[in-house]
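So the structure is just underneath, and the comments pick up after that.
The values are calculated or read from the model by the stated rules, or taken from the named source; none is laboratory data. Every value quoted in this text rests on a predicted model; they were computed, and no experiment measured them. Backbone-built Cβ (ideal geometry, glycine too); neighbour counts: all protein chains shown. The protein model used for the area step is the full one, side chains on, heavy atoms only, and it has no ligands, DNA or RNA in it. Shrake-Rupley method; radii C 1.70, N 1.55, O 1.52, S 1.80 Å.
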Amino acid sequence: MQQIIEQLQAIIGKYKPILEKIDPVVFSAKPIPSKWSKKEILGHLIDSAQTNIRRFVMGQYEEQPYLVYEQNQWVRISNYQNYPDKDLIDLWFLLNKHICIILSNTSSENATRLIKTNELHSIEWLANDYNSHLLHHLVHLTQS
């Protein structure tokens with residue numbers, strides 16, 4: 001689990017300053033009305049962080065909790081498109097720091113506990129998958 005935590009710390013440490021340098025016009029631009037802007041993609045990553053925080057916590061005391069979410073609805077209802085840029089970036093950063101703390105306090109025994117998304121996965125597997133998902137979107141989001 002330590003490697004997953006260190007990877008997440010490296011990801012957020014690398015990408016926070018990159019996100020802060022994105023031109024506000026570019027950050028808010030929607031390629032087409034039905035596609036997410038870069039701000040909304042970051043909002044999606046915030047929703048993912050919140051959902052995974054619940055998974056990583058509840059998975060340690062409930063038997064196979066079932067936690068999924070409707071990502072398009074979350075982005076729409078949260079209205080990330082109109083969030084102040086700095087607040088959005090800070091929220092993303094702080095939620096991910098919080099995930100690092102939760103994972104640091106997860107015992108090796110609890111890391112193997114199962115959580116149901118669309119399938120059953122361990123907390124450790126989900127944490128690793130979370131990092132991959134985060135990195136995938138951040139690479140796309142920070143490209144010109």
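Brief remarks follow.
- MRE, 222 nm, helices only [DSSP H, n ≥ 4, -39500 (n - 2.57), over the chain, to nearest 500]: -21000 deg cm²/dmol
- Given in Å, the Rg to one decimal and the Dmax to the nearest whole number for the Cα atoms of the chain are 15.4, 47.
- Accessible surface of His137 - all protein chains present, 1.4 Å probe, nearest 10 Å²: 40 Å²
- For the chain, the residue among His98, Leu114, Trp125 whose Cα projects farthest onto the positive side of the dipole built from Cβ charges is His98.
- For Gln73, neighbours were defined as the other residues whose beta-carbon sits under 13 Å from its Cβ, and their charges (Lys and Arg +1, Asp and Glu -1) total -2.
- Among Asn131, Asn110, Asn82: highest mean-square fluctuation, GNM of the chain, C-alpha pairs under 10 Å: Asn82
- Surface share of carbon and sulfur [accessible, 1.4 angstrom probe, percent] for segment 1-122: 53 percent
- Dipole magnitude for segment 3-144: computed about the Cα centre from +1 point charges on Lys and Arg Cβ and -1 point charges on Asp and Glu Cβ, it is near 400 debye.
- Of Tyr69, Tyr15, Tyr130, the one that fluctuates the most in a GNM where the chain has Cα springs shorter than 10 Å: Tyr69
- Comparing mean-square fluctuations of Val68, Val25, Val57 from a GNM of the chain with C-alpha springs under 10 Å, the top value falls on Val25.
- Our note on the geometry: Cα centres of segment 7-46 and segment 89-116, 21 Å apart.
- Extension gain, Ser107-Leu120: 0.36 nm per intervening residue step, less the Cα-Cα distance, totals 2.8 nm.
- In this structure, the amide hydrogen of Leu114, modeled 1.01 Å from its nitrogen in the peptide plane, lies closer than 5 angstrom to those of Gln64, counting only residues at least 5 positions away or on a different chain.
- Accessible solvent surface per residue of the chain, calculated while the other protein chains remain in place, 1.4 angstrom probe, Å²: 56 Å²
- For the set Lys14/Lys38; Lys35/Lys116; Lys16/Lys116, the pairs lying more than 25 angstrom apart at their alpha carbons are Lys35/Lys116; Lys16/Lys116.
- Extended-chain gain in nm, criterion 0.36 nm per residue less alpha-carbon gap, Gln2 and His140: 47.1 nm
- The figure for Ile18 is an accessible area of roughly 60 square angstrom, using a 1.4 Å probe on the protein chains alone.
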